[in-house]
Amino acid sequence: MLSSSKTLEKIGRFVRSRFDSLPYAMGYAGRLFFSSFFFFVKEKTAYKILIMQLLFTFIEALPLIVIMAAAIGSGLYIIGYNFLMSINQANLIYRILVIVIMQELGPLLVAFVVTARSATAIATELAGMVVSHQIESYVSFGIDPIGHLAAPRFLGVTLSLFFLNLYFSFCGLLSPAIVAQFVNPAAARGFFTGIFSNITVSGILLSSAKSLIFGMVISIIATYFGFNVERASTEIPVAGLQAVGKSVFGVILADALIIAISAFF
């Protein structure tokens, strides 16, 4: 009995330690949402940070996203069409492409790419500013670090993920049409008719909601761990690793919740 009670005590202490910072994190997320809502009114001097974040997260990642979308869409069409033809269900390939490229795999892959590129960069940059006392300088001049530094990154990552997801869906659904011209010219004639007949308003809204929510999750976690360092320079790479790990977990959890909620509508 004594050993079991000690085990339960250790488990309880572990769980409590994991959730000790939850109220602070929720308060930070609320403050970040508030600052982002009024960003274009109050933080005009931080427009450059927003533009640079869009450049890094959206523009520089666009070629990679286009190549990934084209490769996945083409491969899925070639493999899927041949298999479905063997069971006389070739028309299902259009539905599969729309679900995989636009609604499920697309938003997740784009989120993982943004996490790998931007979450690490944001967390390490902000952590470096904390360690070098730059954040204290902002506060001493009356500048809100969350509104001036976190809000433009929040908006930049969220908007970038939304637009990258649009490009992924477009290229992922367009590339099979090009491949079909060589693989099966007869089926290529009705490709766009089949694709558009399977695209629904609910599917577009689901894809858009996922991309926006994933962008919010990644940017909130990255900026949170960037600010949440002390004074040691060794904490900077740790903040980057934590931002990536927690962002991946947050994106997967958000995806599961969105799928569960959408099942009721």
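Quick notes on this one:
- Rg [Å, one decimal], Dmax [Å, integer] - the stretch 118-265, C-alpha atoms: 20.7, 69
- Rolling a 1.4 angstrom probe over the protein heavy atoms with all chains in place gives the stretch 151-265 an accessible area of 48 Å² per residue.
- Note on the stretch 116-172: with neighbouring protein chains present and a 1.4 Å probe, carbon and sulfur make up 69 percent of its accessible heavy-atom surface.
- Whole-percent pair-distance distribution, where bins are 10 Å wide, for the alpha carbons of the chain: 7, 25, 28, 19, 13, 7, 1, 0
- In plain terms, the bigger the Kirkwood radius, the slower the diffusion; for the stretch 49-187, with that radius from Cα pairs, at 20 °C and 1.002 mPa s, Stokes-Einstein puts D at 125 µm²/s.
- Positive-end residue, the chain charge dipole about Cα centroid, Cβ charges, pick of Leu126, Leu164, Gly203: Gly203
- Degrees between helix 62-86 axis and first principal axis of the chain (Cα, 0 to 90, nearest 10): 40 degrees
- Inter-label distance, nm, simple model (7 Å from Cα along the C-beta direction), Leu257/Leu174: 3.4 nm
- Kirkwood-based shape ratio for the stretch 199-265, expressed as Rg/Rh from alpha carbons: 1.16
- Relative to the longest principal axis of the Cα atoms of the chain, the long axis of helix 151-183 makes an angle of roughly 20 degrees.
- The angle between the Cα long axis of helix 235-262 and the main principal axis of the chain comes to about 50°, on a 0 to 90 degree scale.
- Contour excess over end-to-end distance, with Cα ends at Glu230 and Glu104 and 0.36 nm allotted per residue: 41.5 nm
- The label point for Ser132 and the one for Val183, both projected 7 Å from the Cα toward the Cβ, are 5.0 nm apart.
- Here the gap between Gln89 and Lys44, fully extended at 0.36 nm per residue and compared with their Cα-Cα distance, gives a gain of 10.6 nm.
- Rg ratio (alpha-carbon, reference 2.2 N^0.38 Å) - the stretch 21-118: 1.60
- Average accessible area per residue (Å²) across the stretch 49-113 - probe 1.4 Å, nucleic acids and ligands excluded: 48 Å²
The values are calculated or read from the model by the stated rules, or taken from the named source; none is laboratory data. Nothing here was measured: the structure is a model prediction, and the numbers come from that model. All Cβ positions, glycine included, derive from the backbone under ideal geometry; neighbour counts span all protein chains shown. Accessible surface is based on the protein model in full, side chains and every heavy atom, while ligands, DNA and RNA are left aside. Shrake-Rupley method; radii C 1.70, N 1.55, O 1.52, S 1.80 Å.
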